[in-house]
1. If you take the residues in segment 56-104 that are polar (S, T, N, Q) and over 10 Å from the mean Cα position of the chain (by Cα), which one is surrounded by the fewest Cβ atoms within 10 Å (Cβ to Cβ)?
2. Please name all residue pairs, on different chains or six or more residues apart, with Cβ atoms under 7 Å, provided the first residue is in segment 40-53 and is touching a residue at least 60 places away in the same chain (Cβ under 8 Å) and the second residue is assigned to a helix (DSSP H, G or I) and surrounded by 11 or more Cβ atoms within 10 Å (Cβ to Cβ).
3. Identify, please: which residue in segment 144-174 is in a loop (DSSP other than H, G, I, E, B) and not small (Gly, Ala, Ser) and is, among those, nearest to residue 120 (Cα to Cα)?
4. With the condition kept exactly as written, say whether any residue in segment 125-132 is closer than 14 Å to residue 5 by Cβ, touching a strand residue (DSSP E or B) at 6+ places or on another chain (Cβ under 8 Å) and either open to solvent by 10 Å² or more (accessible area, probe 1.4 Å) or touching a residue at least 24 places away in the same chain (Cβ under 8 Å) (or both).
5. Name the residue that is farthest from residue 150 (Cα to Cα), counting only residues in segment 103-138 that are part of a strand (DSSP E or B) and touching a helix residue (DSSP H, G or I) at 6+ places or on another chain (Cβ under 6 Å).
6. Could you run through segment 35-82 and say how many residues are assigned to a loop (DSSP other than H, G, I, E, B), at negative phi and of a type in the set (D, E, K, R)?
7. Quick one: what pairs do we get from segment 1-23, first residue within 19 Å of residue 106 (Cβ to Cβ) and open to solvent by less than 20 Å² (accessible area, probe 1.4 Å), second modelled with pLDDT of 95 or more and assigned to a strand (DSSP E or B), C-beta under 7 Å, 6+ apart or different chains?
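The values are calculated or read from the model by the stated rules, or taken from the named source; none is laboratory data. The model shown is predicted, which means the values in this text are computed figures rather than measured ones. Using ideal geometry, Cβ is built from the backbone for each residue, glycine included, and neighbour counts are taken over all protein chains shown. Side chains are part of the model used for accessible areas, which takes the heavy atoms of the whole protein and leaves out ligands, DNA and RNA. Shrake-Rupley method; radii C 1.70, N 1.55, O 1.52, S 1.80 Å.
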Amino acid sequence: MALKLIKLTKEYEKQLCEMIDEWKTDQEINHTNRSPWAIFKNDCHDFEFYLEHLELKEAREDRVPDLVFFLLDEDRDRLLGAVNIRHYLNDSLLKEGGHIGDGIRPSERRKGYATEMIRLALTECKKLGIEKVLMTCDKDNIGSARSIIKNGGILENEFVNSEGNVEQRYWISL
């Protein structure tokens, strides 16, 4: 299977909205989280606005510049998930969130895609000059923890996050 990270273009508008709609339906039914938040902050059905506001180019308020990539299965021409890479950590991201937020669409989970997407994202982190990457996940999200660990993640600690969930903080040296 040929997987790669891509930047979103008009060519993927329909696929993006199908993936986002699937995710939202799953979240309503199963109460799963929506990660990475960056792909849910705007309405994909207003695609031009969505694309223009997908990434943050300059820091503002408590947000840092970021990049957003989508995981494409080239063989099936299907978007499988997304990853949000923050250029650096501010105080908030150092505590909760880290450098990378990622997620796989519900119908494609438990197939190893998250592990590969993180591996590809770490290559992008290297391009940004990041030497040590922080990733976080809820303690009960065993799949995310495994994907992080398979990519070299070392658990630093656990804490109760702002939503009252136990969150784990992992560091990956590049």
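1. To start, the set of residues in segment 56-104 that are polar (S, T, N, Q) comprises 84, 90, 92.
Next, from what is left, pick out any that are over 10 Å from the mean Cα position of the chain (by Cα): 90, 92.
Numbers: 90: 14, 92: 12.
Residue satisfying both the conditions and the ranking: 92.
2. none
3. 151
4. Step one: filter segment 125-132 for residues closer than 14 Å to residue 5 by Cβ, giving 125-128.
Narrowing the set further to residues that are touching a strand residue (DSSP E or B) at 6+ places or on another chain (Cβ under 8 Å) leaves 125, 128.
Still in the list and also either open to solvent by 10 Å² or more (accessible area, probe 1.4 Å) or touching a residue at least 24 places away in the same chain (Cβ under 8 Å) (or both): 125, 128.
Within segment 125-132 (the criterion being closer than 14 Å to residue 5 by Cβ, touching a strand residue (DSSP E or B) at 6+ places or on another chain (Cβ under 8 Å) and either open to solvent by 10 Å² or more (accessible area, probe 1.4 Å) or touching a residue at least 24 places away in the same chain (Cβ under 8 Å) (or both)), the answer is yes, since at least one residue qualifies.
5. Initially, segment 103-138 is screened for residues part of a strand (DSSP E or B), giving 103-104, 132-138.
Still in the running and touching a helix residue (DSSP H, G or I) at 6+ places or on another chain (Cβ under 6 Å): 104, 133, 135, 137.
Details: 104: 16, 133: 14, 135: 13, 137: 14 Å.
Residue satisfying both the conditions and the ranking: 104.
6. Taking segment 35-82 as the starting set, the residues that turn out to be assigned to a loop (DSSP other than H, G, I, E, B) are 35-36, 40-46, 53-59, 61-62, 64-65, 74-77.
Filter again for at negative phi, leaving 35-36, 40-46, 53-59, 62, 64-65, 74-76.
Subsequent filtering for residues that are of a type in the set (D, E, K, R) retains 41, 43, 46, 55, 57-58, 62, 74-76.
Result for segment 35-82: 10.
7. 16/79; 19/79
Conditions tested, residue by residue: (1) closer than 17 Å to residue 39 by Cα; (2) of a type outside the set (D, E, K, R).
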position: 91; (1), (2): no, no
position: 99; (1), (2): yes, yes
position: 164; (1), (2): no, yes
position: 168; (1), (2): no, yes
